[in-house]
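Read-outs throughout are calculated quantities, based only on the coordinates presented, and are distinct from any laboratory measurement. Everything quoted here is computed from the prediction, not taken from an experiment. Neighbour counts run over all protein chains shown; Cβ positions are idealised from the backbone, glycine included.
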Amino acid sequence: MVSRTGLGRFVIVAACTAVFAIAGVGLFVVVPESLTQLFGILLALAVVVIGIRIAGNIARSVFPGYNVAEVAVDGPISRDGGGGPLPSSPSATPADDIVDQIDRANEDGNVDALLVKLNTPGGEVVPSDDIRLAAERFDGPTIAYTTDLCASGGYWIASGCDELWARDASIVGSIGVIGSRVNATGLAEKVGLSYERFAAGDFKDAGTPLKEMDDDERAYLQGLIDDYYETFVERVSDGRDIDAELVRETEARIYLGEDAHEMGLVDELGTKRDLEDELADRLAIDDVTIEEFEPPQPLMRRVGGGAQQVAYAFGAGISGIAEDRGFRLRT
């Protein structure tokens, strides 16, 4: 049974191909009598090929063939998508690009629902919140789902979606914030380095690795962490309709999907196929057709499996990795 979309695309492509074929023959075979017939035929074929491509683009525009958009948040979350501090750490998700794709899906009249695929150990606070806000702006059902890992900043993003789906063995949670620094004072003394301060403001160089922190600096930095944590708890409590005290009681632990579902951190357990069937029922259609909305990405950003991401989650997303530039904050 040929669908209306498939038939419409075929008609457009066939009609445009015929038009471009006639134009090619007319321009390069019949009219220029001085050109050899072979050269004319080659040019005519080139016009036909170009015409087919143009017709295909027109057909996809008129009959898009999709009704659900999917955006993917893979790897650590940062503003520009730069890699992690270690050579082996996976490249980060560029939050601004993800926001652009969600907004593009929201403006696409063919998109009835949005799926947010989350396989991330978390990352920077504000970029994570930007993606959450974009998901909240989407005009239609918004469902987050994870197969492997939805931790920390990933869960922050999920709080902006209507629901969160996971698998039984997915890793979910880590609702917390961490800041870290390298204390390199001992090493500096051994190699003969010293820190000389030129700063205006008592806390301007708080967290600098080449000097010991005093109690006031520790209290100041811990206060920043506490403020971000309370914001995180508020986002989760409001967005996921979970009691704030329950969120705090998790103490930033991670849970398997089945346990997270029992606690109310996950709405539904199932495969992506299960999610698609449920979404089709809600949209009152026979089936959903998903289009991946994604920015252009270099090949190496696509490299890396779930195992690497899980390992990085335990090392970086949960425990944190300190960089040599001083105090670092992440969810």
Given bins 10 angstrom wide, list per bin the percent of all Cα-Cα distances in the stretch 159-302, short to long. 9, 23, 23, 22, 14, 7, 2, 0
Could you give each residue of the stretch 142-159 its phi-based ³J(HN,Hα) in whole Hz, using Karplus coefficients 6.51, -1.76, 1.60 with θ = phi - 60°, and x for Gly or Pro? 10, 10, 8, 8, 9, 9, 10, 8, 9, 10, 6, x, x, 5, 4, 5, 4, 5
Applied in sequence order to the stretch 269-282, the curve 6.51 cos²θ - 1.76 cosθ + 1.60 (Karplus, θ = phi - 60°) yields integer Hz couplings, x standing for Gly and Pro, of 10, x, 7, 5, 4, 4, 5, 5, 5, 5, 5, 4, 4, 5
Report, largest value first, the span of the C-alpha coordinates of the stretch 187-271 along each principal axis, in whole Å. 58, 28, 20
Binning at 5 Å from 0, report for the stretch 114-200 what percent of all alpha-carbon pair distances ends up in each bin. 3, 14, 19, 16, 10, 6, 5, 7, 7, 7, 4, 1, 0
Check which residues have an amide H placed less than 5 Å from residue 252's amide H, if you skip close sequence neighbours. 175
Enter the per residue convex hull volume of the stretch 167-225, computed from alpha-carbon coordinates, in Å³ rounded to the nearest integer. 127 Å³
With +1 on the Cβ of every Lys and Arg and -1 on the Cβ of every Asp and Glu, the dipole magnitude of the stretch 113-265 about its Cα centre, in debye rounded to the nearest 20, is 640 debye
Across the stretch 246-261, in residue order, what do the Karplus-derived ³J(HN,Hα) couplings come to in whole Hz, using 6.51 cos²θ - 1.76 cosθ + 1.60 with θ = phi - 60° and x for Gly and Pro? 5, 4, 5, 5, 5, 6, 6, 6, 9, 9, 6, x, 4, 5, 4, 5
